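Report on one structure; see the data block that follows.
The values are calculated or read from the model by the stated rules, or taken from the named source; none is laboratory data. Keep in mind the model is a prediction, meaning the values are calculated, not measured. Note: ideal-geometry Cβ built from the backbone for every residue, glycine included; neighbour counts use all protein chains shown. What goes into the accessible areas is simple: the full protein's heavy atoms, side chains included, and nothing from ligands, DNA or RNA. Shrake-Rupley method; radii C 1.70, N 1.55, O 1.52, S 1.80 Å.
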Amino acid sequence: MTDWPTKLTDLIVELPLIEDATCDAMVAWFHENVDRQVVGAVGGTGEQTVNTECCKATDIVVKPSDKIFHWMSQISHYAYSEYLNRAPGPTTDIVFNDFAIRSYQPNDGYFVEHTDQHAGGSVNRVFAIIMYLNTVDEGGETEFPYYDVKIKPEKGKVLLFPGNYLFPHKGNKPMSGVKYIATSWVEFQEIPSQ
């Protein structure tokens, strides 16, 4: 990174990184695994929890044994390395965790305003990574309401931003079609106490 950001919104970074074929393959994988789909937000690196209060969406947690895990991991690592060329972030003792794919139905799906780092299972989250797997022409933005920033879901785009209390955000209802995203987080590695 050459210049230190001068405003908080400089820490919200959009990168066009994912090839269309990869996006299509990830959406196809989502549909091939209907038996693993869960309604609500699924979270936690250990025991998975499901929250149906915060969102109306369908999630699949992506496991290391899943064929798309490697793609998501590579995209996350590359996106974060590109982010570091534009904004500050930790480079040691970090891991990429909690890979998932989520769909939001048109005129129905949403995610309420929230932050990604809070007490409990997500306290180690430093940065959120959202991979947009399709384009939604109307609605479906990731919105940062206190900064008047709306990120349009466009196929192949990756969005990175800090997950802390300074970056509350929400997922707006897609109006013109289903919205598909993949997510992961840059987290501080848990170091066992001795």
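Before moving on, here are some points about what is shown:
- Residue in region 130-142 that is within 20 Å of V13 (Cα to Cα), in a strand (DSSP E or B) and among the hydrophobic types (A, V, I, L, M, F, W, C) present: yes
- Residue check, T45 assigned to a loop (DSSP other than H, G, I, E, B), modelled with pLDDT of 90 or more and out of contact with any His (no Cβ under 7 Å at 6 or more places or on another chain): no
- Single residue of region 128-150 satisfying the filter (within 14 Å of the chain's Cα centre (by Cα) and surrounded by fewer than 20 Cβ atoms within 10 Å (Cβ to Cβ)) that is nearest to I18 (Cα to Cα): E141
- Check on K155, open to solvent by 20 Å² or more (accessible area, probe 1.4 Å), touching a Lys or Arg at 6+ places or on another chain (Cβ under 9 Å) and not hydroxyl-bearing (S, T, Y): no
- Some residue of region 13-21 being charged (D, E, K, R), under 22 Å from P162 (Cβ atoms) and at pLDDT below 95: no
- Residues located in region 57-86, provided they are more than 30 Å from W4 (Cα to Cα) and loosely packed, with under 15 Cβ neighbours inside 10 Å: K63, P64, S65, K67, F69, H70
- Per-region count, region 87-102, residues buried (at least 16 other Cβ atoms within 10 Å of the Cβ) and touching a Leu at 6+ places or on another chain (Cβ under 9 Å): 3
- Selection within region 157-179 - outside any strand (DSSP E or B) and more than 13 Å from the chain's Cα centre (by Cα): N164, Y165, L166, F167, P168, N172, K173, M175, S176, G177, V178
- From the list L8, L17, the lone residue that is open to solvent by 50 Å² or more (accessible area, probe 1.4 Å) and touching a Lys or Arg at 6+ places or on another chain (Cβ under 8 Å) is L17.
- Filtered residues of region 5-22 (kept if more than 15 Å from F99 (Cβ to Cβ) and in a helix (DSSP H, G or I)): L8, T9, D10, L11, D20, A21
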